[in-house]
Amino acid sequence: MFEQELELEKKSSSIIPLLLIVTLIVAIAGISLYFVIESRRVLTSAEATPVVLASMEAQTPAILHFATGMLKTEVDQRPHDPNYRLLEKEGYLKIGKDAKSKTPVALTPKGEAWLADIAGVKKSKNKDDNDEYAVPLAERKFAELGKITMLSPSRATVEYSWKWQTTKAGDLFDAAGPAVKAFNTWDRSTLIDKYGANFYHAAPTKVTVLLVKGTKGWEISNE
């Protein structure tokens, strides 16, 4: 009986280290498998698309600014600049003769109807009691998701394309359109550089961004 107990103790003492070794091997294998799976994991289109869309929604749309009333020539307000002259050519504004360093600018009935047909137009009063208008020209819209390249398990470059979605004002201020092309080279450059004109109907623009994976998931890197 005593010999049997000794034998059982010997077996128990030999099994415990063996179990510890097996447990350690399983743990190491599990950790290794986890890192192998993570290293092979890729950023999917379904994960990348919402991130790209959110970044585009945060971008400011193109806006046309102008005013009506008795306007003084200032840094950000020049009633004889091509943006005002373009609107006058279209019959939306009436620009009068200068009087005492001020220029009378009035919105025509055609201009009122034009603005009423554009969603999102904002009207306000400035310090000189003139009416100021902020007219949406275009906003960026997602076109297509392109190639996703994994740089590491937590970093990836994403290619995508976007295009402009214009309003009637954006169509008018299209740099390739007849209204803008009717101006000389200098005025066209001024319209593009200062007053929101752009090639709104050009082919989609391709962009590459870096996405990183943090505690809140994938996001566009600020690097």
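The values are calculated or read from the model by the stated rules, or taken from the named source; none is laboratory data. Everything numeric here is computed off the predicted structure, so don't read it as measured data. Using ideal geometry, Cβ is built from the backbone for each residue, glycine included, and neighbour counts are taken over all protein chains shown.
Listed conditions (1) in contact (Cβ under 8 Å) with a residue 24 or more places away in the chain; (2) surrounded by fewer than 19 Cβ atoms within 10 Å (Cβ to Cβ); (3) assigned to a helix (DSSP H, G or I) are all met by residue 146, apart from (3). Residues in region 197-220 that are exposed (fewer than 15 other Cβ atoms within 10 Å of the Cβ), charged (D, E, K, R) and touching a Ser or Thr at 6+ places or on another chain (Cβ under 7 Å): 206 only.
If the condition is being touching a strand residue (DSSP E or B) at 6+ places or on another chain (Cβ under 6 Å) and among the charged types (D, E, K, R), then region 62-101 contributes 72, 88, 94. Please work out which residue is farthest from the chain's Cα centre (by Cα), limiting yourself to region 174-196 and to residues that are surrounded by 16 or more Cβ atoms within 10 Å (Cβ to Cβ) and among the hydroxyl-bearing types (Ser, Thr, Tyr). Only one residue tops the list, namely 190. Looking at region 88-115, which of the residues that are of a type in the set (Gly, Ala, Ser) and exposed (fewer than 12 other Cβ atoms within 10 Å of the Cβ) is modelled with the highest pLDDT? Out of the qualifying residues, it is 113.
Being within 30 Å of residue 43 (Cβ to Cβ), touching a residue at least 60 places away in the same chain (Cβ under 8 Å) and outside any helix (DSSP H, G or I) is a property that holds for residue 209.
Which of the residues that make up region 163-200 are touching a strand residue (DSSP E or B) at 6+ places or on another chain (Cβ under 6 Å) and within 19 Å of residue 111 (Cα to Cα)? The answer is 166, 167, 169, 170, 173, 196.
Looking across region 147-173 at every residue that is of a type in the set (S, T, N, Q) and under 30 Å from residue 87 (Cβ atoms), the one that is farthest from the chain's Cα centre (by Cα) is identified as 167.
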